[in-house]
Structures are given as C-alpha cells and as structure tokens.
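What follows draws every value from the coordinates through simple rules; no lab data is involved. Keep in mind that this is a model prediction, so the values were computed, not measured. Here Cβ is always computed from backbone atoms with ideal geometry, including for glycine, and neighbour counts include all displayed protein chains.
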Amino acid sequence: MPLHDLNTKSTLKLLSRIMEFELAGVVRYTHYSLMVTGPNRIPIVAFMKAQAAESLLHAQQAGELLTGLGGHPTLQIASIDETYRHAVKDILEESAAHEARALKLYKELLETVEHSSVYLEEFARTQIAAEEMHSLELRKMMRDIGVGGGHDDHYDHGKPAKMVKKRKS
C-alpha cells in the first residue's frame, strides 16, 4: 500500500493525550503502591511501582515523538478519578479499566498513522502489545480474588459464565 501524508495535527493531538494519560498513570500506580495492604502487599506493590515506572517511560517516549514532530509537550496530566476504595480487588479493577483506556488511545494512534509512518505505526503497535500484556497480567492477578476479569470455570472475559454441572466420571 502506498504511504499517505501524515496527519500531523491529529497525530500531535493524540500523542499529547497519550502523554497526559501516561503521566496520570504514574500518579495512579504510585498511589496504588502506597495503598496496598494485606498478605500479598509486597508483590503487588512491586507490580504497581513497575507500572508507574513504565508509564513514565511511555510518557517520555510519546513526548519525544511529539517534539520530534514539532509539537510542544503538555504540563498537564489526564484526570484521575479517586474512588477511595483501596482493597486489592478495587485497585486491580481500576487498573484494568486504566489499561483498557490506554489500549484505546494507542489503537486510535495506530489508525491515525497507519500507512503514513512506519516508525509511528511500530511505536503504536509496540504500545498496544504492552497494554494487552498488562491487561492479561491484571486478569491473572484478579482470578484468585474472585474478580470478573480472570478466566476460569466461573468467568469468561470478565463476565460471569453460566454454571455448568460437572459430569461424574
């Protein structure tokens, strides 16, 4: 397929939104890392701190692209809702929702730059893959605490499945 001219204005707008969203992720995941309690605190805190660090890296990468295309990086962050619920179940559910929104932004970027810039396409695809992996990890973490989002006999893609009687062998 032939390459088309890059829609720089739309690309800059999306990169700015991504940067704001990822910076909000730094704050969100740092907050969560401070609020986790209970017997699984240590590994969950480590996961949240790693997510915060990765969000900062993603914000920096988006900012580099933004300035490379002639844009000006924002000093704002995206809005962060505070539920004041800090049970691990709530934190993981909120994290999954955050990752879903990030995935949507990166898919929007891919649609905007597709067939216009191989480099920007690859950046978007790489970020989509990373966000999908985060979603999978969160779903696996949610399984043990009975949150819809895990995939086992009782849940299918976050929705309760119909209970099925097991046959006797």
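Below are the figures for this structure:
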| item | result |
| --- | --- |
| Qualifying residue in region 104-117 (condition: under 17 Å from PHE21 (Cα atoms) and either loosely packed, with under 14 Cβ neighbours inside 10 Å or in contact with a strand residue (DSSP E or B) (Cβ under 6 Å, 6 or more places away or on another chain) (or both)) | yes |
| Hits in region 72-88 - residues which are within 12 Å of MET19 (Cα to Cα) and either aliphatic (A, V, I, L, M) or crowded, with 19+ Cβ neighbours inside 10 Å (or both) | LEU75, ILE77, ALA78 |
| Close pairs from region 64-79: first closer than 23 Å to ARG28 by Cα, partner surrounded by fewer than 16 Cβ atoms within 10 Å (Cβ to Cβ) and of a type in the set (A, V, I, L, M), Cβ under 6 Å, at least 6 apart | none |
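Yes/no per residue for (1) farther than 28 Å from GLU122 by Cβ; (2) surrounded by 15 or more Cβ atoms within 10 Å (Cβ to Cβ):
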{"site": "ASN7", "(1), (2)": "no, no"}
{"site": "MET19", "(1), (2)": "no, yes"}
{"site": "GLY25", "(1), (2)": "no, yes"}
{"site": "ILE44", "(1), (2)": "yes, yes"}
{"site": "THR67", "(1), (2)": "no, no"}
{"site": "ASP90", "(1), (2)": "yes, yes"}
